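K.L.:
Structure below; questions to follow.
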Amino acid sequence: MKTDEFLRQVTALPGVTGNERAAADFIAEAFRPFVDEVEVTPLNSVIAHKKGKGPKVMICAHLDEIGMMVSKIEKDGCLRLQSVGGVDPRVLPGMRVKVYAKDEVLLGIVGATPPHLMREADRKNNYTFETLFVDLGMKKEDVEKKVCIGDTVCFESRYVELKNGRVACKTVDDRGCVAIMLRAAELISKMHHEADLYFVSTCQEEIGSYGAWTAGFQVDPDFGVAFDVCHAETPGAPRLAVNKIDSLVASKGPFLHPYLVKKLEQAAKENGVQLQWAIDPRYTSTDADELSLVRAGVPTVLLSLPLKYMHTNVETFDMHALMEGGRLLAHYLCEMDGSWEEELWN
């Protein structure tokens with residue numbers, strides 16, 4: 001499957017944190033042609049194993065997405081919501097959403113009290129979950145036959161191809177990075193590698209990177225490579241908090257092992273892959289933090305895909321940067337061998 005088609009399909013699937021199984025099953029099938037074995041864990045992480053005799057390496061990107069849950073059914077049949085994983089209510093008014101009910105998926109729209117009907121003081125306030133609702137166009141008695149408190153609500157997915165290789169859709173955070181891993185696995189299937197490779201699409205990152213913890217404990221790797229998204233340049237954004245959208249970003253910081261960072265920089269230069277650099281002077285707020293602390297500790301490196309409009313339904317990225325990320329990862333992993341474990345301590 002071509003990378004763009006994989007992205008088109010995988011980003012459309014529901015996978016709100018803690019309820020990722022549909023996305024996990026799809027990702028597991030996508031990896032099968034390029035690895036030796038695939039497992040979906042009890043918490044819905046996907047572990048795709050490409051066997052090798054060298055050091056054990058866990059490469060991870062999370063498959064869960066932010067979303068919402070139904071918290072109340074109002075008298076007129078509208079639904080109240082609560083966030084799962086970090087939805088900003090200010091982006092919701094006017095959005096179309098999907099409610100994953102008992103036996104069907106219901107399309108709804110997010111509404112709010114019109115400004116004409118608000119008090120002047122209320123017009124100055126931002127939207128909150130208490131002021132928003134989902135309208136299904138159904139009476140309460142009909143809604144109650146289909147919808148339960150706690151049902152999952154997702155952004156409606158639209159895969160939009162913009163100019164110059166830019167793409168906008170939901171859930172690029174972080175299934176865009178899962179696509180990077182998949183592309184690398186495809187390339188490595190035709191290359192020589194010594195490392196024992198575990199491509200892990202982790203669950204529950206958006207609420208604490210619990211998939212990286214649990215899968216990392218299971219795999220017990222010698223090295224770790226974590227992927228996530230970062231912020232691309234956006235009008236009005238602080239200059240030091242963003243990066244150019246057209247290439248991946250490598251990080252330096254206390255959670256990231258300097259030896260692996262140095263080898264990554266070498267691999268990028270040798271293979272003509274452009275990299276940007278960022279610093280994370282404390283934690284990275286990605287799977288890299290938890291993976292690096294598994295068991296006795298895992299030397300880990302972090303790569304990020306620049307993204308505009310993070311945590312919305314129009315997360316925008318550069319397809320060339322994504323594809324180059326897959327190529328860099330493939331070469332980086334194929335260079336890992338037993339000598340890295342000796343050099344790590346020199």
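K.L.:
Which of the residues that make up the range 89-134 are touching a Phe, Trp or Tyr at 6+ places or on another chain (Cβ under 9 Å) and either loosely packed, with under 15 Cβ neighbours inside 10 Å or at pLDDT below 90 (or both)?
P.N.:
Arg90, Pro93, Arg96, Ala112
K.L.:
So, of the residues in the range 158-194 that are outside any helix (DSSP H, G or I) and touching a Gly at 6+ places or on another chain (Cβ under 8 Å), which turns out to be nearest to Phe31 (Cα to Cα)?
P.N.:
His193
K.L.:
Right, next: Here is a check on your reading of the model: is Gly108 in contact with a helix residue (DSSP H, G or I) (Cβ under 8 Å, 6 or more places away or on another chain) and under 25 Å from Gln9 (Cβ atoms)?
P.N.:
no
K.L.:
Next up: What are the pairs with Cβ atoms under 7 angstrom where one residue, in the range 81-108, is assigned by TED's automatic domain parsing to the domain that holds Glu206 and the other, located anywhere, is aromatic (Phe, Trp, Tyr) and not in a strand (DSSP E or B)? Sequence gap at least six, or different chains.
P.N.:
none
K.L.:
A follow-up question, please. Keeping to the range 44-83, report how many residues are over 19 Å from Gly137 (Cα atoms), touching a Phe, Trp or Tyr at 6+ places or on another chain (Cβ under 7 Å) and in a loop (DSSP other than H, G, I, E, B).
P.N.:
Number satisfying all stated conditions: 1.
K.L.:
Follow-up. If we scan the range 250-266, do we find a residue that is under 28 Å from Leu13 (Cβ atoms) and of a type in the set (A, V, I, L, M, F, W, C)?
P.N.:
No, the conditions are met nowhere in the range 250-266.
K.L.:
Then there is this: Considering each residue of the range 135-160, count those that are among the β-branched types (Val, Ile, Thr) and either touching a Phe, Trp or Tyr at 6+ places or on another chain (Cβ under 7 Å) or surrounded by 15 or more Cβ atoms within 10 Å (Cβ to Cβ) (or both), and give that number.
P.N.:
Summing the residues that are among the β-branched types (Val, Ile, Thr) and either touching a Phe, Trp or Tyr at 6+ places or on another chain (Cβ under 7 Å) or surrounded by 15 or more Cβ atoms within 10 Å (Cβ to Cβ) (or both) in the range 135-160 gives 4.
K.L.:
Checking the condition closer than 25 Å to Ser189 by Cβ, outside any helix (DSSP H, G or I) and among the aliphatic types (A, V, I, L, M), which residue from Val87, Val38 passes?
P.N.:
After ruling out the rest, the residue left standing is Val38.
The values are calculated or read from the model by the stated rules, or taken from the named source; none is laboratory data. Model, not experiment: these values are computed from the prediction. Backbone-built Cβ (ideal geometry, glycine too); neighbour counts: all protein chains shown.
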